[in-house]
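A.B. asks: Let me give you the structure first, and then I'll get to my questions.
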Amino acid sequence: MPDIIQLLPDHVANQIAAGEVVQRPASVVKELLENAIDAEATVIKLIVKEAGKTLIQVTDNGKGMSSTDARLSFERHATSKIKKADDLFNIHTKGFRGEALASIAAIAHVDLKSKQENQELGTYIKIEGSNIIFQENISTPKGTSIAVKHLFYNIPARRNFLKSNTIETRHIINEFQRVALAHPTISFSLYHNKNEIYHLSSSNLRQRIVAVFGKKTNEKLVPINEVTDIIEINGFVAKPEFAKKKRGEQFFFVNNRFIKNTYLNHAVTSAFESLLSSGYHPSYFLYLTVPPKSIDINIHPTKTEIKFDDEKTLYAILHSTIKHSLGQYNVGPVLDFERSSSLDTPYSFKSKKSNSPKITVNPDFNPFKNEESTKSLHFHSKQTKNNQWESLYTDTNIHNVEVEAETVNASLFSEETKTNKTYQIHKKYIVSSIKSGIVYINQNLAHQRILYEEFLENITVKEATTQQLLFPLEISFIKNDIELIKEIKEDLENIGFKFDKISEDSIIINGIPTGIIESQITTIIEQLLEDIKNDIPNASFSQLDIMAKSLAKSLAIKTGTVLNLKEQEEIVNKLFICKQPDLSPFGKTTFITINIEEIDKIFNN
Ligand code: ADP
Ligand code: MG
């Protein structure tokens with residue numbers, strides 16, 4: 001047999017490696033910005049066109065590269081930042097792998113211009129898919145400018161995989177914000193399709209946060225400062241009253257690198273514990289400085305997770321520091337900073353008695369016994385018998401019935417039962433008698449379905465009705481969100497919102513869709529923006545769909561709401577004229593039916 005193993009040509013190897021480093025335009029933005037920071041630039045400019053799909057350019061005034069280095073920088077594993085294995089444990093720069101430029105050059109057209117301070121002329125290199133097109137001397141200012149064009153031009157699958165410009169721009173802005181927040185003294189600007197999105201001058205940390213998130217942020221910030229032997233903590237948390245339904249502004253930086261860490265996030269959130277209503281998340285901008293030796297960032301080029309040596313102690317210190325600061329600024333009711341950190345159980349729910357979920361099983365249940373029973377219920381007649389009779393009324397037994405939903409329409413209701421009474425049980429289900437037996441409707445999920453279809457119809461077909469607000473309502477948003485609101489403005493108007501003005505950091509609303517209560521608007525819009533960000537829609541149709549879903553979820557009658565007879569009937573009637581009554585917009589079962597024969601069987605058991 002002949003030998004069959006071959007070494008891959010460099011450009012193929014680079015292309016493969018690029019898949020790891022460059023997932024989307026925002027990854028290129030991150031790598032280029034970080035290189036500029038490592039080059040000690042004080043002014044960094046990012047220019048993006050078409051969400052980075054046609055151009056990403058970073059210009060810096062850093063130390064530049066010699067013409068040999070400029071050429072070498074595109075080789076894989078070419079780095080000026082570490083020299084030996086030991087250096088990996090003492091990293092002071094953003095980069096160290098030496099793969100970013102090689103990877104980017106393998107999958108795009110790259111123009112690099114660079115000049116060092118003492119050089120007369122600089123270097124200009126043009127590379128397309130790892131091939132050097134030319135290298136020549138040119139006159140160019142001190143520093144480096146790298147333009148990345150036509151990203152993924154030679155990997156159509158990756159290019160097609162990219163999301164809409166809205167989504168890719170959002171990723172770019174997020175990456176830009178993280179880098180800008182980590183380096184307040186560096187001046188950054190961001191241009192998208194010739195519009196200036198950010199112009200951040202060199203400043204202190206507070207000013208930088210305010211410049212990124214809008215001037216209203218200033219009054220929200222509570223400073224955090226703590227120095228111990230193993231960690232220094234600086235930054236700000238937002239006062240509890242500014243907590244949000246979404247997790248938006250939560251930033252940890254470790255040695256000026258943005259990271260995510262659920263454990264430390266818990267340390268912060270739990271310090272707010274009694275100050276926040278459930279479902280709300282505090283905003284924070286926390287800068288941790290630890291000895292580089294005590295962390296391991298050597299995991300993956302695109303991962304934001306890092307490992308700490310002594311996470312437990314960091315947890316305790318962070319938790320008490322935040323609690324202390326909240327107390328000092330009179331926003332925390334209890335001050336228990338004197339407590340030894342060992343008493344601060346990391347997970348606050350550790351001490352709480354947990355209610356183990358009840359699982360009821362019918363030991364006699366045999367799915368193969370007959371066809372009828374497979375399709376339907378797991379009823380636990382034996383257990384119910386053993387229970388005290390009161391439990392039938394006080395317990396949630398009835399909810400344990402699991403029945404597959406049948407496809408049902410209005411014909412479900414016989415003429416006689418159509419006028420039948422409905423009942424509400426446990427402020428959660430609407431029960432009604434139907435031709436074949438009984439139906440349980442989940443009020444929240446059913447109402448979501450009803451509203452969802454109504455909204456979709458309003459957005460796409462009908463003219464929506466608006467209720468004019470007596471006093472226009474001003475809501476402030478961060479810049480990102482304002483951009484997003486501008487994009488979906490027309491859709492919002494189609495469902496009944498009317499805008500008086502959209503300015504840099506706030507919107508003024510003077511009309512809202514009928515059915516929405518004024519006090520809910522902020523939450524609804526925040527939720528909507530969050531849903532759009534998370535759902536990564538591609539086509540405008542799905543953006544509308546997400547809007548309809550989000551609004552339906554926010555506005556649907558909640559579990560726990562008492563419904564009068566009229567309201568119950570309205571839900572039942574409206575649900576069964578829906579196009580797809582059996583599922584909520586998020587795919588959950590909205591109602592179940594139990595056939596009379598099944599009920600008979602239980603009693604004849
Ligand atoms: P890494 O940042 O991990 O070293 P990169 O591929 O990102 O790897 O960059 C390779 C090398 O090119 C860097 O080590 C640095 O010496 C040089 N370089 C890249 N960008 C710049 C820049 N903007 N200014 C000066 N030198 C740069
Ligand atoms: Mg780099």
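A.B. asks: At a Förster radius of 25 Å, what calculated FRET efficiency corresponds to the Cβ-Cβ distance of Asn118 and Val43, to the nearest 0.05?
C.D. replies: Plugging the Cβ-Cβ distance into 1/(1 + (r/R0)^6) gives 0.80.
A.B. asks: In square angstrom, what is the accessible area per residue of segment 195-333 with a 1.4 angstrom probe?
C.D. replies: With the other protein chains kept in place, segment 195-333 gives 45 Å² per residue.
A.B. asks: Next question. Which FRET efficiency, nearest 0.05, do Gln580 and Leu470 yield, Cβ-Cβ r, R0 45 Å?
C.D. replies: 0.75
A.B. asks: If DNA, RNA and ligands are ignored and the probe is 1.4 Å, what is the ranking of His266, His92, His11 by accessible area, most exposed first?
C.D. replies: His92, His11, His266
A.B. asks: In square angstrom, rounded to the nearest 10, how much accessible surface does Leu544 have for a 1.4 Å probe?
C.D. replies: Here the residue's solvent-accessible area equals roughly 30 Å².
A.B. asks: For a quick check of understanding: with a 1.4 angstrom probe and all protein chains in place, what accessible area in square angstrom does Ile596 have, to the nearest ten?
C.D. replies: Here the residue's solvent-accessible area equals roughly 80 Å².
A.B. asks: Sorted by accessible area (1.4 Å probe), largest first, how do Glu117, Glu597 line up?
C.D. replies: Highest to lowest solvent-accessible surface, that is Glu117, Glu597.
A.B. asks: Kindly report, to the nearest 10 Å², the accessible surface of Thr289 as traced by a 1.4 Å probe over protein heavy atoms only.
C.D. replies: Probe radius 1.4 Å; accessible area of Thr289 about 70 Å².
A.B. asks: Counting only Cα atoms, I'd like the Rg/Rh figure for segment 166-224, Kirkwood definition for Rh.
C.D. replies: Ratio of gyration radius to Kirkwood radius: 0.99.
A.B. asks: Hey, got a sec? Which GluC sites (Glu not before Pro) in segment 442-495 land in a DSSP loop and have at most 15 other Cβ atoms within 10 Å?
C.D. replies: Glu463
A.B. asks: In vacuum, with every alpha carbon of segment 417-528 counted as one equal point scatterer, what does the Debye formula give for log10 I(q)/I(0) at q = 0.12, 0.16, 0.17, 0.21 Å⁻¹? Two decimals, please.
C.D. replies: After summing over all Cα pairs, the log10 values are -0.57, -0.81, -0.86, -1.11.
A.B. asks: Kindly write out, for segment 440-446 in residue order, the coupling ³J(HN,Hα) from the Karplus curve 6.51 cos²θ - 1.76 cosθ + 1.60 (θ = phi - 60°), rounded to whole Hz, with x marking Gly and Pro.
C.D. replies: Computed from phi, the couplings for segment 440-446 are 10, 10, 7, 4, 5, 5, 5 Hz.
A.B. asks: Kirkwood Rh and Cα-based Rg: tell me the resulting Rg over Rh for segment 431-488, rounded to two decimals.
C.D. replies: 1.20
A.B. asks: Okay, which of segment 232-250 sit inside 17 Å, backbone N to the point 7 Å along the Cα-Cβ direction of Thr522?
C.D. replies: Answer for this model: 238-249.
A.B. asks: Related question: Using the Karplus curve 6.51 cos²θ - 1.76 cosθ + 1.60 with θ = phi - 60°, work out ³J(HN,Hα) for each residue of segment 106-115 in order, rounded to whole Hz, and write x for Gly and Pro.
C.D. replies: Per-residue couplings from phi come out as 6, 10, 7, 9, 10, 10, 10, 10, 8, 8 Hz.
A.B. asks: With labels modelled as points extended 7 Å from the Cα through the Cβ direction, what inter-label distance (nm, one decimal) is found for Thr559 paired with Lys486?
C.D. replies: Between Thr559 and Lys486, the label points sit 4.1 nm apart.
A.B. asks: Restricting things to Cα coordinates, could you compute the convex hull volume per residue of segment 222-296 in Å³?
C.D. replies: Here the figure is 89 Å³ per residue.
A.B. asks: Order Arg76, Arg178, Arg247, most accessible first, counting only protein heavy atoms with a 1.4 angstrom probe.
C.D. replies: Ranked list, largest accessible area first: Arg247, Arg76, Arg178.
A.B. asks: Computed FRET efficiency, Cβ-Cβ of Ile230 and Glu196, R0 45 Å: what is it to the nearest 0.05?
C.D. replies: The computed FRET efficiency comes out at 0.60.
A.B. asks: Please report the net charge: other residues with Cβ closer than 10 Å to the Cβ of Val58, K and R +1, D and E -1.
C.D. replies: Combined, the nearby Lys, Arg, Asp and Glu give -2.
A.B. asks: By what distance, in whole Å, do the Cα atoms of segment 175-277 stretch along each of the three principal axes, largest value first?
C.D. replies: Principal-axis extents of segment 175-277 (Cα, largest first): 46, 34, 23 Å.
A.B. asks: Please give the length that would be gained between Glu50 and Lys427 if that part of the chain were fully extended, namely 0.36 nm times their separation in residues minus their C-alpha to C-alpha distance (nm, one decimal).
C.D. replies: Computed gain between Glu50 and Lys427 is 130.7 nm.
A.B. asks: To continue, here is another question. What does the charge count near Gly437 come to, summing +1 for each Lys or Arg and -1 for each Asp or Glu among other residues with Cβ under 10 Å from its Cβ?
C.D. replies: With Lys, Arg at +1 and Asp, Glu at -1, the neighbours total -2.
The values are calculated or read from the model by the stated rules, or taken from the named source; none is laboratory data. Predicted model only: the values in this text are computed from it and were never measured. Note: ideal-geometry Cβ built from the backbone for every residue, glycine included; neighbour counts use all protein chains shown. Each accessible area value is taken on the protein alone, full model and side chains, heavy atoms only, with ligands, DNA and RNA left out. Shrake-Rupley method; radii C 1.70, N 1.55, O 1.52, S 1.80 Å.
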